[in-house]
Amino acid sequence: MGESPDFISDLPQSIIENILTRLSIRDAIRTSVLSSKWRYKWSTLTDLVFDEKCVSPANDRCVVETSLVRFITGVLLLHQGPIHKFQLSTSFLQCRPDIDQWLLFLSRNGIKELVLELGEGEFRVPSCLFNCLKLTRLELCHCEFDPPQYFKGFSSLKSLNLHQILVGPEVIESLISGCPLLEFLSLSYFDSLVLSISAPNLMYLYLDGEFKDIFLENTPKLVAISVSMYMHEDVTDFEQSSDYNLVKFLGGVPLLEKLVGYIYFTKYLSIGDDPGRLPITYIHLKTIELYQVSFEDANEILVLLRLVTHSPNLKELKVSASPIQLFPLEEEGFDLFERDYFDYKLPSLETVKITDVSGIRNELEFIRFLLGTSPVLETVIVSSSLIDKEAKMDMVIELLRYPRVSPRAQFLFLQD
């Protein structure tokens with residue numbers, strides 16, 4: 001009786017490669033035991049992803065660290081051909097000379113995607129990284145980043161993600177401007193940073209940190225922006241100038257489709273001298289999300305109104321109100337809704353969600369404004385921060401009395 005056919009070994013190379021790419025690197029190496037034909041199939045994988053799961057768990061940190069170093073070194077020594085992606089996500093390796101050796105090896109093997117997510121430590125990116133000129137994606141976490149003087153940028157880089165990196169602001173600006181093909185940029189956990197961004201092909205921008213000021217100098221292709229801005233004490237933490245931050249930050253992004261702002265972003269945009277009508281119309285903007293907007297601050301309300309009324313194709317609006325102050329601002333100057341804003345129309349707005357409503361006048365007037373200017377509005381979702389049930393019911397009754405230009409507009413009140 002003849003031997004049964006070995007279907008696993010006789011699979012087409014393309015199917016074998018497809019199987020291996022769907023496995024973790026540890027499981028891919030284990031396929032070596034299937035047959036002699038499979039023994040080194042894994043060694044030509046172009047994408048290598050490492051984490052603590054690559055080795056057996058142990059209570060002793062040093063044991064895990066040593067095992068992981070040996071595993072990664074062994075994989076690289078046996079690997080054949082180019083390596084397009086190398087990802088290391090671990091808190092065990094913080095500052096090891098082994099990482100420098102791995103990066104040197106990768107710099108000679110055509111690396112295109114590099115992700116280093118290390119634990120908090122003092123790892124300094126070695127100079128060989130700056131010779132990886134084929135990089136299209138770079139993500140660094142908990143590193144010191146200090147390029148050599150000869151470095152002019154990554155000419156092929158399209159995605160850059162820096163998280164809690166020790167680096168000077170001038171270095172970041174130089175790095176960004178030295179990546180002419182950059183499409184995705186994420187910067188997080190930076191302190192007291194004044195940042196200028198020049199990236200003509202940038203499409204997606206994510207910022208999270210204590211930014212004192214931000215200049216979008218040359219970003220005409222941006223379609224999505226998400227910003228979280230923090231400050232220690234008050235608005236004086238931001239750079240003060242007569243230039244209107246709303247125009248300075250969003251005046252050169254005509255293709256913007258989605259805008260998300262957290263914490264003090266609306267406060268930041270409100271700084272400066274209001275020029276009146278904005279010099280730009282956001283015809284592509286479909287979604288606006290602004291969180292912790294102070295409806296006691298006339299300047300923040302004005303930012304909100306400016307954005308909404310200059311986005312004729314806006315479909316979705318989400319706003320959360322910041323907690324009311326112990327000593328509310330004086331009522332004078334709160335005549336924003338008595339101006340000509342009701343002459344505007346929001347012809348495409350379908351969904352509104354407003355959370356943490358405390359029932360103050362300007363919150364309710366803003367909702368009334370939306371109801372009176374949105375002919376295709378369908379859903380208005382409201383949640384309140386009021387604890388008193390009677391006060392909350394009074395607010396609901398008042399909102400239900402407001403006229404609506406859309407016959408389909410319905411309120412949905414959420415319980416906390």
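The values are calculated or read from the model by the stated rules, or taken from the named source; none is laboratory data. Not measured: the values here are computed from a predicted model. Quick reminder, even Gly has a Cβ in these numbers, built from the backbone with ideal geometry, and neighbours come from all protein chains shown. Calculation scope for accessible area: heavy atoms of the full protein, side chains included, ligands and nucleic acids excluded. Shrake-Rupley method; radii C 1.70, N 1.55, O 1.52, S 1.80 Å.
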Linear extension gain, ASP98 paired with ARG39, 0.36 nm per residue minus alpha-carbon span: 18.6 nm
Rel. contact order, % - alpha carbon contacts under 8 angstrom, at least six apart, the chain: 6
Residue-normalised accessible area of the chain, expressed per residue, 1.4 Å probe, Å²: 49
HN-Hα J in Hz across segment 187-193 - Karplus 6.51, -1.76, 1.60, θ = phi - 60°, x for Gly and Pro: 10, 9, 6, 10, 10, 6, 9
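Give me the net charge for the shell around ASN109: Cβ to Cβ below 14 angstrom, other residues only, Lys and Arg +1, Asp and Glu -1. Don't skip to the end; give the middle numbers.
On the way: positive: LYS85, ARG108, LYS112, LYS134; negative: ASP47, GLU113.
The answer is +2.
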Matching label, percent of Cα pairs over 29 Å apart computed from the structure shown, candidates (i) 52; (ii) 66; (iii) 57: (iii)
Residues of segment 347-383 with amide N under 16 Å of the 7 Å Cα→Cβ point at LEU400: 380-383
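If I take every Cα pair under 8 Å that is 6 or more residues apart in segment 142-213, average their sequence separation and divide by the length, what percent do I get for the relative contact order? Could you put the intermediate results ahead of the total?
Values: 139 pairs, mean separation 21.7, N = 72.
Averaging sequence separation for qualifying contacts and normalising by length gives 30 percent for segment 142-213.
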Vicinal HN-Hα couplings computed from phi for segment 247-259 (Karplus, 6.51 cos²θ - 1.76 cosθ + 1.60; Hz; Gly/Pro x): 6, 5, 8, 10, x, x, 10, x, 9, 4, 10, 9, 10
Carbon + sulfur, % of accessible area of the chain - ligands and nucleic acids excluded, 1.4 Å: 52
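So if each residue of separation counts as 0.36 nm, and I subtract the Cα-Cα distance between GLN164 and LEU181, what length gain in nm does that give? Write down the numbers at each step before the final one.
Values: separation 17, 0.36 × 17 = 6.12 nm, distance 2.35 nm.
Residue separation times 0.36 nm, minus the Cα-Cα distance, leaves 3.8 nm.
What length, rounded to one decimal in nm, is gained on full extension from THR73 through to SER155, with 0.36 nm per residue of separation minus their alpha-carbon distance? Kindly include the intermediate steps, with their values, before the conclusion.
Values: separation 82, 0.36 × 82 = 29.52 nm, distance 2.90 nm.
Taking THR73 through SER155 to full extension adds about 26.6 nm, to one decimal.
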Whole-Hz couplings from phi, Karplus 6.51/-1.76/1.60, listed for segment 11-23; x for Gly and Pro: 5, x, 4, 5, 6, 4, 5, 5, 5, 5, 5, 8, 9
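Test of understanding: given the chain, find the longest segment containing no GluC sites (Glu not before Pro) that are in a DSSP loop and have at most 11 other Cβ atoms within 10 Å.
Working: sites that count: GLU3, GLU120, GLU122, GLU233, GLU330, GLU331, GLU332.
Free of exposed loop sites, the longest segment is 4-119.
Answer rounded, prolate or oblate for segment 39-158, using the Cα gyration tensor with square roots of eigenvalues a ≥ b ≥ c: rounded when a/c is under 1.5, else prolate when a/b is larger than b/c, else oblate.
On the way: a/c = 2.14, a/b = 1.24, b/c = 1.73.
Since a/c reaches 1.5 but b/c is at least a/b, the shape of segment 39-158 is classed as oblate.
Just flag the chymotrypsin sites (Phe, Trp or Tyr not before Pro) in segment 1-103 sitting in loop per DSSP whose Cβ has no more than 11 other Cβ atoms within 10 Å.
PHE7
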